[in-house]
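The values are calculated or read from the model by the stated rules, or taken from the named source; none is laboratory data. Predicted model, so just to flag it, every value in this text is computed and none were measured. All Cβ positions, glycine included, derive from the backbone under ideal geometry; neighbour counts span all protein chains shown. Heavy atoms of the whole protein, side chains included, go into the accessibility calculation; ligands, DNA and RNA do not. Shrake-Rupley method; radii C 1.70, N 1.55, O 1.52, S 1.80 Å.
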Amino acid sequence: MDDITNDISLTIGRRIRTERTMRDWSLAELAEQSGVSKAMLSTMERGMTSPTAALLVRIAAAFGMTLSTLIARAELQGGGLLRAAGQPVWRDPDTGYVRRHLSPACDMPLELIKVHLPAGAKVSLPAASYAFIKQQIWLISGKLEFTEGDHVHRLEPGDCLALGAPSDCTFHALEPGADYLVALVRS
């Protein structure tokens, strides 16, 4: 891991430990709630590994929050302005998925996230990750195949999709890859 990845992994790990401690959960309880092994949780909490999106979604869902909220709580310090240089960027080591949290930490229920998904990459998220949010996806560039339950949406630049009821979803970037904005509102 490079220094930046190590710093982000450590920050996320600390946040997971903080959220677990606030709930007075043991590692075993979080493992049971999330379906992530105690050994992996311990490794993440110590910042010894860069967790994948799939693992973080499961942990966030166990805490009753979105992936965005978990990462935002780990990275953001608060305030009404979040300059580009201060926007947390996280990269999934498995898929190359790059996520930039655009919104400043505040009480507003709206979050904006810019994502780059390399060509051919797929990220699947369980319905539980959508249980507490409503969201729209706006494709900035490239091509994106978005599977929502049994329905497949093929998005072209400029297309905007409002997601329906929570269901298992898969983001699949077609050639040449996809850059998209996710706008979500916590419910």
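Which whole-number percent gives the relative contact order of the range 8-61, counting Cα pairs below 8 Å spaced six or more residues apart? Write down the numbers at each step before the final one.
Values: 49 pairs, mean separation 24.7, N = 54.
For the range 8-61, the relative contact order is 46 percent.
For Leu174, the amide hydrogen comes within under 5 Å of the amide hydrogens of Gly120, Lys143, Leu144, Glu145, counting only partners 5 or more places away or on other chains and with H modelled in the peptide plane.
Note on Ala28 and Arg83: the model spin-label points, each 7 Å out from Cα along the C-beta direction, lie 4.8 nm apart. Among the listed values [x] 46; [y] 41; [z] 38, the one computed from these coordinates for percent of Cα pairs over 23 Å apart is [y]. Centre-to-centre separation between the Cα atoms of the range 21-63 and those of the range 130-157: 27 Å.
Relative contact order for the chain: what is it in percent, counting Cα pairs under 8 Å that are at least 6 residues apart? In percent, rounded to a whole number, it is 19.
Given the -39500 (n - 2.57) contribution per DSSP H run of 4+ residues, what per-residue ellipticity at 222 nm results for the chain, rounded to the nearest 500 deg cm²/dmol? Using -39500 (n - 2.57) per qualifying helix, the result is -9000 deg cm²/dmol.
With every protein chain present, what is the per residue accessible area of the chain (1.4 Å probe, Å²)? Walk me through the numbers before you get to the answer.
Working: 9290 Å² over 187 residues.
On a per-residue basis, the chain sits at 50 Å².
Here the chain exposes an accessible surface that is 53 percent carbon and sulfur, computed with a 1.4 Å probe and the other protein chains kept in place. Taking 7 Å steps out from each Cα toward its Cβ at Ser124 and Ala165 produces label points 2.2 nm apart.
Computed extension length for Thr43-Ile140: 31.4 nm, one decimal, from 0.36 nm per residue of separation with the Cα-Cα distance subtracted.
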